[in-house]
1. Taking a 1.4 Å probe, which of Met199, Met190 shows the most accessible area, and what order do the others take after it?
2. Provide the gained length on full extension for the span Val101 to Asn362, in nm with one decimal, where the gain is 0.36 nm per separating residue minus the Cα-Cα distance.
3. Ordering Ile80, Ile217 from largest to smallest accessible area (1.4 angstrom probe), what's the sequence?
4. What trypsin sites (Lys or Arg not before Pro) in region 191-221 are in a loop by DSSP, with at most 13 other Cβ atoms within 10 Å of the Cβ?
5. Could you check the spin-label model distance between Leu11 and Lys146? Points 7 Å from the Cα along Cα→Cβ, value in nm.
6. So if I place +1 on the C-beta of Lys and Arg and -1 on the C-beta of Asp and Glu, and nothing else carries charge, what would the dipole magnitude of region 41-182 be about its Cα centre? I want it in debye, nearest 20.
7. Given springs between every Cα pair under 10 Å in a Gaussian network model of the chain, which of Leu244, Leu97, Leu14 has the largest fluctuation?
8. Work out, step by step, the length gained on full extension between Leu220 and Leu307: first 0.36 nm times the residue separation, then minus their alpha carbon distance; give nm to one decimal.
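The values are calculated or read from the model by the stated rules, or taken from the named source; none is laboratory data. Here the structure is a predicted model, which means the values were calculated and not measured. Cβ placement follows ideal geometry from the backbone for every residue including glycine, while neighbour counts extend to all protein chains displayed. Heavy atoms of the whole protein, side chains included, go into the accessibility calculation; ligands, DNA and RNA do not. Shrake-Rupley method; radii C 1.70, N 1.55, O 1.52, S 1.80 Å.
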Amino acid sequence: MTAAVIITICLLLLLAYVFDITASKTKIPSIILLLVLGFGLKQITDLAGYPLPNLQPILPILGTIGLILIVLEGSLELDIDRSKLKFVGTTFLLALLSILVMSFGLAYSFFYFFDYSLKYSLTNAIPMCIISSSIAIPSARYLLAKDKEFVTYESSLSDIIGVIFFNFITLNESIGTYSFGFFILELLIMFIVSFLATMALSFLIAKIRHHFKFVPIIILVVLIYTISKMFHLPALIFILIFGLVLQNLDKLKGFHFIQILNPDILDLEVKKFMEVTTEFSFLIRALFFLLFGFLIEFDDLINIDTLPWAGGIVISVFVIRAIFLKVLKLRITPLLYIAPRGLITILLFLSIPINQKIAIVNNALLIQVIVLCAIIMMIGLIFSKNIQPAPLLRSEEENDPERDKVFDMI
């Protein structure tokens, strides 16, 4: 039995790898194929009558680690300079306005049709109004560089804004001057923690000479994130700042504290750290979406009671997005279609306090919204021409002998 489980997991992960490297050719996001694969596996095990343990508790753990690694992976690819301030501001504005308009609109619908309190309606609406970076970033990997950068910024900021907004609404019984003041204090504390933790982790990356060090660094990142979450701090800010600082060391060399870290050597170490992070991110992401697909119930997919609501929510998502893209004078295709719901939606849904849950927002509605958004994204990407092919093998130009000599010296 153990051998069969190991073989199955290995084959599934190898298939996930095949899906990933062929995505630029098929134009089908690998996440969608993973969901289908997980769902198909569930049907096979049910027909075969294999007894399986309850895997539901594993989902939030994989989801949390996956979210950390995916946001970190995305931020490690982002270059910051003054020329991009307007670009970053535009992505922030799009992420913020989309979440606010969609959340309050959906919350008012719950309030109007079902007479739920506006606060509880908002708590349940927010998870479905956030773009999932865990799906958006991998799906945008083969877009043109500017589109990929836009999606990375927007989806990462959407996650951060959405989580902060969700915690603010959920944790405050009443909204007033005190709650806003405490919220600003939490942000200030998180920025200070992020700065100190980033400097400490950067020092460790630069100074540790042990033959393995990147796995402990990733563990420390997860630990800092989790402890910050325990105190209800916006911990994703730390992940974003940590990745941005590491990626943009060349622009920070004028600061004395950066010189202490020996930025030239640290920059080379960061490239190795990025490779390890990308590998781990792929593994955790694949396991999460395989498991999520496995846990999808067929009855939830075809639930007639929630399907009209799911359809209305998804239509609203893309109509509102199209309006904002037009107002902000951004290219509609393919950005319009990359607004998936996924990992962050599931994590926040599972985090809703029992006393704040409302009946209409259930597993069926959540799954239908996620699946419908994924299908629309897949169709949009299939018909998009802004896709660049990705090489499967490293070219000779990518082999840098000078870089290898430096690594050997280190």
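1. Met199, Met190
2. Full-extension gain reported as 91.8 nm.
3. Most to least solvent-accessible, the answer reads Ile80, Ile217.
4. Qualifying residues, ordered by number: Arg209.
5. 4.6
6. The dipole of region 41-182 has a size of about 160 debye.
7. Leu14
8. Stretched out fully, the Leu220 to Leu307 stretch lengthens by 27.1 nm.
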